[in-house]
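Working notes, structure below.
The values are calculated or read from the model by the stated rules, or taken from the named source; none is laboratory data. Since the model is a prediction, treat every value here as computed from it, not as a measurement. Please note: Cβ atoms are built from the backbone with ideal geometry, for glycine as well, and neighbour counts cover all protein chains shown.
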Amino acid sequence: MMDTAPRDNSTSDAAGFDPHNWPFFWMTQAVGRYLQRLEPALKRVDLDVSRWRVLMSLQQDKATSVSEIAELAIVKLPTMTKIVQRMQADGLVTCEARPSDGRVTEVSLTERGIAAKQDAWAIANKLYVQAFRDISADDKTRLNALMETIFGNLSDW
């Protein structure tokens, strides 16, 4: 009988590597599929994934710096600056210098941005429910804890 149990690729050499036994393969595949489904749904409400990331990073009554948004969205600061500028031109956000440090640009949602965030959330949440339909609340909690641990482990690199 052939052994079909997944192998731990961390102990094998590259010659025996099977991406299907590599957790990062499945993480990337899941995120890639999620974004493939999210993008066309967002287009129906005149948004894209970049704008969605910004909208989801902002709280309704709290300004957030461009650098904080970039960190949350895992986007380089110059790229995030351009995204925020486009969103400002679209009337989704406002930008102001931080009173305590004029070098920091703070971003806030406009009324139009709040409405867009609600539209984006409805789309993303519907996709989330679909993706996790067969997964228990306990498993979601464990998955989040595992991902947070992996994230922390990579911070030490």
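Just give me the residues in the stretch 65-96 being surrounded by 17 or more Cβ atoms within 10 Å (Cβ to Cβ) and either in contact with a Gly (Cβ under 7 Å, 6 or more places away or on another chain) or among the charged types (D, E, K, R) (or both), in sequence order. Listed by number, the residues that qualify are L92, V93.
Conditions tested, residue by residue: (1) in contact (Cβ under 8 Å) with a residue 40 or more places away in the chain; (2) in a loop (DSSP other than H, G, I, E, B); (3) of a type outside the set (S, T, N, Q).
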| position | (1), (2), (3) |
| --- | --- |
| E96 | no, no, yes |
| R103 | no, no, yes |
| S108 | yes, no, no |
| A115 | no, no, yes |
| D119 | yes, no, yes |
| A124 | yes, no, yes |
| Y128 | no, no, yes |
| D138 | no, no, yes |
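Residues G102, G91: which one is more than 16 Å from the chain's Cα centre (by Cα) and at pLDDT 95 or above? That would be G91, the only listed residue that is more than 16 Å from the chain's Cα centre (by Cα) and at pLDDT 95 or above.
So that you can scan it fast, the table gives a plain yes or no per residue for (1) loosely packed, with under 14 Cβ neighbours inside 10 Å; (2) free of Cβ contacts under 8 Å to residues at least 60 places away in the same chain:
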{"residue": "D13", "(1), (2)": "yes, yes"}
{"residue": "G16", "(1), (2)": "yes, yes"}
{"residue": "W26", "(1), (2)": "yes, yes"}
{"residue": "Y34", "(1), (2)": "no, no"}
{"residue": "L38", "(1), (2)": "no, no"}
{"residue": "A41", "(1), (2)": "no, no"}
{"residue": "W52", "(1), (2)": "no, no"}
{"residue": "M56", "(1), (2)": "no, no"}
{"residue": "A63", "(1), (2)": "no, yes"}
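Considering each residue of the stretch 4-14 in turn, none proves to be modelled with pLDDT of 80 or more and within 19 Å of the chain's Cα centre (by Cα). The lone criterion from (1) farther than 24 Å from A131 by Cα; (2) in contact (Cβ under 8 Å) with a residue 24 or more places away in the chain; (3) assigned to a helix (DSSP H, G or I) left unmet by E68 is number (2).
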